[in-house]
Amino acid sequence: MRRNVEVKARLRAPAAARGAAERLGGPARGQVQGQARGQAQVLGQADTFFRVPRGRLKLRRTPDGRGELIFYERPDAAGPKLSCFSVTPTDDPDGLEAVLAQALGVLGVVRKERLLYLVGQTRVHLDSVEGLGDFLELEVVLTEEQTVEDGERVARQLMKELGIEEEDLISGAYLDLLLAKGESGS
């Protein structure tokens, strides 16, 4: 499994966070769906979460008709935390969703527009989540040689540079916040 250190926070000032992300980094590289907006890549995403005995399993759909099945495990705690994950692409998200829904059941769907920046080894996501509002997510991608503590240091420094305070931090996933509001996003 791959590893990263993640942080998720509410954004009180989305425009300020966007300006800081643009100053700190540049456009993301790699597979990108959507169009460029300034220096960010714009990603439309719909994540369907399935019932599993441990961790989280989601099917991410993108506007180009493709998808990714993503399994991850991470603590539901505020602040920097280790996330271990596996990703596999699919050209048939409809078929895969139908099978997984029959076998496991669906917990809910999270829809968002994501601005993606690359700042060193960190993916900075500025997310506008349907039904929830604006958030920031950091994913410090760890090399094999790096420790979790190394990733936490990088995350804390970026939090400071992006104006994220401890009280902005959230635990869990966007789906948890939707479910707490009584919404499943379906």
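The values are calculated or read from the model by the stated rules, or taken from the named source; none is laboratory data. As the structure is a prediction and not an experimental result, all values here were calculated from the model. When we count neighbours, we look across all protein chains shown, and the Cβ atoms used for this are built from the backbone with ideal geometry, even at glycine.
If you check Glu97, Glu73, Glu68 for being surrounded by fewer than 17 Cβ atoms within 10 Å (Cβ to Cβ), at negative phi, modelled with pLDDT of 95 or more and touching a strand residue (DSSP E or B) at 6+ places or on another chain (Cβ under 6 Å), only one passes: Glu73. Checking each residue in the range 49-102 for being of a type in the set (Gly, Ala, Ser) and under 18 Å from Met1 (Cβ atoms) picks out Gly55, Ser83, Ser86.
Scanning the range 100-135 for residues that are loosely packed, with under 15 Cβ neighbours inside 10 Å and either in a loop (DSSP other than H, G, I, E, B) or of a type in the set (Val, Ile, Thr) (or both) turns up Gly105, Gly120, Gly131. Scanning the range 136-157 finds no residues that are assigned to a strand (DSSP E or B), of a type outside the set (Gly, Ala, Ser) and without any contact (Cβ under 8 Å) to a residue 60 or more places away in the chain. Where residues in the range 149-183 are farther than 24 Å from Ala15 by Cα and over 18 Å from the mean Cα position of the chain (by Cα), which of them is modelled with the lowest pLDDT? The selected residue is Glu183.
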